[in-house]
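Worksheet: one structure, shown below.
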Amino acid sequence: MGNTNQSSIKGRGARIQPANRYLSVREEADLEQVAADSAYLNHRQRPPTIYQPDQSQSIVSENDSPDIQFRYSLNPYRGCSHGCSYCFARPTHEYLGLSAGLDFETRVMVKERAPELFRQWLARPQWKAEMISFSGVTDCYQPAEREFVLTRGCLAVAAECRQPIGVVTKNALVTRDLDHLRELAAYDAVSVSVSITTLDADLARKMEPRTSSPTARLAALQELNEAGIPTSVMVAPVIPGLNDSEIPAILEAARTVGTRRAAYLLLRLPGTVRPVFLDWLRGTLPTQAEKVESRIRSSRNGQLNDTTFGRRHRGTGPLAEQIAQTFQVFSRKLGFRQGSLVFNTRDFRPPMPTSGQLRLFP
């Protein structure tokens, strides 16, 4: 797909289709011949979300990044219609021959066998239980989940097996699954992290067009806390010059509804995320764009991104240090717990075979 700006696109985070770096051929839109076709042009303004079956034969991915606190993750979907312009997962769509721009949020791959594949993974004799993150890449509670219910199916498998799960989402739909989350919480085998980037509903709607509102996310945190589910708030990503000043208010709002843990991540702009985010920034917030871009560079040694382990999530320089200190000061002041949550793995039990045949050994 070509990198043609489509400023009239409605309801999406990306307005462009950056060229896929893995493809030698690119497609450019030529709209001159359809200039009088208002129906076609209106359709282009509001591209629908297309769901396609994903025939993956495995569901759990392994990573060895020293910057990430989990080794395994599970993602029922590829792509995400939440449409966050800054999403670090956008380049993964390029492996599928698609674009990290509009394709990422309008062409979502659905792993229809996710619960079955998860059951097979946990039944492996060599599996030694440790926490698996739901949403290590794309959001497992994105709008597709309302239709396909795959995350809930995987949670049911986890609850049956008492398999420790860490959920990361920015969608209030997570509260639908309180029954399974309570089952896991009874064995200290679950936590839910809700990402809140801003308390400004208008900014959230522009920056994350198809996610739950900030108010709905806070309400979800409150409902989870009241149900006894361990939670944390993720101030992520922190975008210097745009939402970094909101860190104290976000932490206070999350603490008010009972959240006990907090974390933050600095904005990352790897690969084709960069043109998507910058196009969104300049087109949506033109009067702020120059300042925001300058401050991003100030937190990255003059660059827009830094892939160095140990720095890519925190940045470098005085501005990055100021953001870190602000987060730390208000976290302590508000009484957020320090350190990572410890998951119970002792009570894990392999799933029962779906054939009904009992296991020979427990």
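Please go through region 127-150 and give me each residue that is part of a helix (DSSP H, G or I) and small (Gly, Ala, Ser), ordered by number. Ala144, the sole residue that qualifies.
Arg119 falls short of the stated requirement of being farther than 30 Å from Val342 by Cα and buried (at least 19 other Cβ atoms within 10 Å of the Cβ).
Please enumerate the residues belonging to region 155-191 that are within 14 Å of Tyr141 (Cβ to Cβ), touching a residue at least 40 places away in the same chain (Cβ under 8 Å), surrounded by 24 or more Cβ atoms within 10 Å (Cβ to Cβ) and among the β-branched types (Val, Ile, Thr). The one that is within 14 Å of Tyr141 (Cβ to Cβ), touching a residue at least 40 places away in the same chain (Cβ under 8 Å), surrounded by 24 or more Cβ atoms within 10 Å (Cβ to Cβ) and among the β-branched types (Val, Ile, Thr): Val174. Mind listing whichever residues of region 281-335 are within 23 Å of Gly13 (Cα to Cα), buried (at least 16 other Cβ atoms within 10 Å of the Cβ) and hydroxyl-bearing (Ser, Thr, Tyr)? The one that is within 23 Å of Gly13 (Cα to Cα), buried (at least 16 other Cβ atoms within 10 Å of the Cβ) and hydroxyl-bearing (Ser, Thr, Tyr): Thr284. Within region 108-124, the set of residues being in contact (Cβ under 8 Å) with a residue 60 or more places away in the chain and not in a helix (DSSP H, G or I) comprises Ala123 only. Residue count for region 160-176 under the criterion of being over 18 Å from Ser73 (Cβ atoms) and outside any loop (DSSP other than H, G, I, E, B): the result is 5.
Examine region 66-83 for a residue that is farther than 22 Å from Leu265 by Cα, of a type outside the set (S, T, N, Q), at pLDDT 95 or above and assigned to a loop (DSSP other than H, G, I, E, B), and state whether such a residue exists. Yes; the residues of region 66-83 include at least one that is farther than 22 Å from Leu265 by Cα, of a type outside the set (S, T, N, Q), at pLDDT 95 or above and assigned to a loop (DSSP other than H, G, I, E, B). Residue count for region 266-325 under the criterion of being polar (S, T, N, Q) and assigned to a helix (DSSP H, G or I): the result is 7. Exactly one residue out of Arg217, Arg210, Arg274 is touching a residue at least 24 places away in the same chain (Cβ under 8 Å), buried (at least 23 other Cβ atoms within 10 Å of the Cβ), among the charged types (D, E, K, R) and closer than 28 Å to Gly11 by Cα: that is Arg217. Considered as a group, the residues in region 197-207 that are surrounded by fewer than 24 Cβ atoms within 10 Å (Cβ to Cβ) and in contact (Cβ under 8 Å) with a residue 40 or more places away in the chain include one that is farthest from Gly13 (Cα to Cα), and that residue is Leu199. Does region 202-212 contain at least one residue that is within 19 Å of Thr259 (Cα to Cα) and modelled with pLDDT of 95 or more? Yes, region 202-212 contains a residue that is within 19 Å of Thr259 (Cα to Cα) and modelled with pLDDT of 95 or more.
Residues in region 183-209 that are in contact with a helix residue (DSSP H, G or I) (Cβ under 8 Å, 6 or more places away or on another chain), within 16 Å of Tyr86 (Cβ to Cβ) and part of a loop (DSSP other than H, G, I, E, B): Ile196, Thr197, Thr198, Asp200. When region 85-107 is filtered for residues that are within 14 Å of the chain's Cα centre (by Cα), hydrophobic (A, V, I, L, M, F, W, C) and not in a helix (DSSP H, G or I), the ones remaining, listed by number, are Cys87, Phe88, Ala89. Of note, Ala249 satisfies the criterion of being outside any loop (DSSP other than H, G, I, E, B), aliphatic (A, V, I, L, M) and out of contact with any helix residue (DSSP H, G or I) (no Cβ under 7 Å at 6 or more places or on another chain). Among the residues making up region 29-51, those that are of a type outside the set (Val, Ile, Thr), surrounded by 12 or more Cβ atoms within 10 Å (Cβ to Cβ) and at pLDDT 80 or above are Pro47, Tyr51. Among the residues of region 225-254, the ones that are more than 16 Å from Ser195 (Cα to Cα) and of a type in the set (D, E, K, R) come to 1 in all.
Go through (1) over 27 Å from Arg314 (Cα atoms); (2) out of contact with any strand residue (DSSP E or B) (no Cβ under 8 Å at 6 or more places or on another chain); (3) surrounded by 15 or more Cβ atoms within 10 Å (Cβ to Cβ); (4) in contact (Cβ under 8 Å) with a residue 12 or more places away in the chain one by one and return the number of the condition Cys87 breaks. All conditions pass for Cys87, except number (1).
The values are calculated or read from the model by the stated rules, or taken from the named source; none is laboratory data. All values reported here derive from a predicted model rather than from experimental measurement. Cβ atoms come from the backbone with ideal geometry, glycine included; neighbour counts cover every protein chain shown.
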